[in-house]
Every structure is written in C-alpha cells, then in structure tokens.
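A.B. asks: Following this message is one structure expressed as structure tokens.
The values are calculated or read from the model by the stated rules, or taken from the named source; none is laboratory data. All values derive from a computational prediction rather than experimental measurement. Positions of Cβ are backbone-derived with ideal geometry, glycine not excepted, and every protein chain shown enters the neighbour counts.
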Amino acid sequence: MARLTVLFALCVLPALVSAGNPFLVRGRVYCDTCRAGFETEATPGIPGARVRIECKDRDTQQLKYSIDGVTDSTGTYYIKVSGDHGDNLCDAMLVSSPQSDCSEADPGRNRSRVILTRYNGLVSDARFANAMGFFKSEPISGCTKLLQKYQETDDS
C-alpha cells in the first residue's frame, strides 16, 4: 500500500498540479517604419496594439478557443491561456494598431504559430511567439541608408 501511495505521489500529483497552470504567451508587436518586412533597429514596439490567440481544430478548422490581449508600453504582450490545446492549431495574430499611420498589417508577419501543450517535452509554462508587425504608411527618412547596412556582403 505504501508503494502505491508513493507511486501516486510521484506520477499523478505533478500532472494534476501542472494541468491547472495557464500558459503565458509572450510576444511583441512592432511598427515597420521602413516597410522592410522585417525588424530593424528603427522598428519600435507599438503600445496598445490588440492581439488575439485562436486555437482551431486540426481537422475541421472550427474555432475551439480565443482570447485577446493588449501590448504594454514596450509593445510586448503577455496573454494567459488556460487549458492544454495539443489537439489544436494555435496562432497569435494581429487585431489592430492604435497608431493610424502604422496600422497596415504586414501579410508575412501578421500571425505566429504557438504550441500550447504540455506533452512536447517543454517544462515551462512560458511560450514565445514570433514578433508581428504593422507597416508605417510612409517610410521614415534614413531608411535607404539603414537598409543598405543589412545588404552589405563580404565578397572577398
């Protein structure tokens, strides 16, 4: 009987405890001031941007879970997601930008896949989403020079 109790304590209780913890999804939303399609040193975060996490059934694409969040003063969001979504495809996605001159979502950076299951070897409840961005209406001055830095190659 003592062995059964020890086995229960070692195997079942940790699973029950971790099942109740929410995942904490963290990501960043930025303004692509040069319309480069990627982050540069001139891409500030967007405070107050709205982000949504949606989980859909892998087969039917039916929405199973959705929760919204807002970025902080640095353009970073932290969204608590309850439950294990191992059978779903979950994405963080842009909803809106509070900056009218930077509100066009970059079609290549407007969503990020997030794995929200505990059955993948990850011990932490923290999950990180790739940064997502909005395009500035008009590129800022100095973008040509800035982007040339990213195109420099060593041909020697």
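A.B. asks: Surrounded by 15 or more Cβ atoms within 10 Å (Cβ to Cβ), touching a Gly at 6+ places or on another chain (Cβ under 9 Å) and within 14 Å of Phe23 (Cα to Cα): does that describe Ile79?
C.D. replies: For Ile79, the condition - surrounded by 15 or more Cβ atoms within 10 Å (Cβ to Cβ), touching a Gly at 6+ places or on another chain (Cβ under 9 Å) and within 14 Å of Phe23 (Cα to Cα) - is met.
A.B. asks: For the range 129-156, give me each residue that is surrounded by 15 or more Cβ atoms within 10 Å (Cβ to Cβ) and farther than 19 Å from Cys34 by Cα.
C.D. replies: Ala129
A.B. asks: Among the listed residues Leu89, Leu63, Leu24, Leu7, identify the single one that is modelled with pLDDT under 95 and surrounded by fewer than 18 Cβ atoms within 10 Å (Cβ to Cβ).
C.D. replies: None of the other options fit; the residue is Leu7.
For every residue, the table says whether it meets (1) over 16 Å from the mean Cα position of the chain (by Cα); (2) farther than 13 Å from Phe135 by Cα.
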| position | (1), (2) |
| --- | --- |
| Asp59 | yes, yes |
| Gln62 | yes, yes |
| Tyr65 | no, yes |
| Gly83 | yes, yes |
| Ala92 | no, yes |
| Ser100 | yes, no |
| Asp106 | no, no |
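A.B. asks: Looking at the range 92-120 only, could you name the residues that are of a type outside the set (D, E, K, R), farther than 18 Å from Gly45 by Cβ and in a loop (DSSP other than H, G, I, E, B)?
C.D. replies: Pro107, Gly108, Ile115, Leu116, Thr117, Tyr119, Asn120
A.B. asks: Still on this model: Mind listing just one residue for me: the one in the range 112-156 that is among the acidic types (Asp, Glu) and farther than 21 Å from Ser100 by Cα and, of those, modelled with the highest pLDDT?
C.D. replies: Top of the filtered list is Asp125.
A.B. asks: Consider Val123 against the criteria (1) touching a residue at least 24 places away in the same chain (Cβ under 8 Å); (2) surrounded by fewer than 17 Cβ atoms within 10 Å (Cβ to Cβ); (3) of a type outside the set (S, T, N, Q); (4) assigned to a loop (DSSP other than H, G, I, E, B): it satisfies all of them except one. Which criterion is unmet?
C.D. replies: (1)
A.B. asks: Hey, among the residues in the range 46-60 that are buried (at least 17 other Cβ atoms within 10 Å of the Cβ) and among the β-branched types (Val, Ile, Thr), which one's nearest to Arg127 (Cα to Cα)?
C.D. replies: Only one residue fits best here, namely Ile53.
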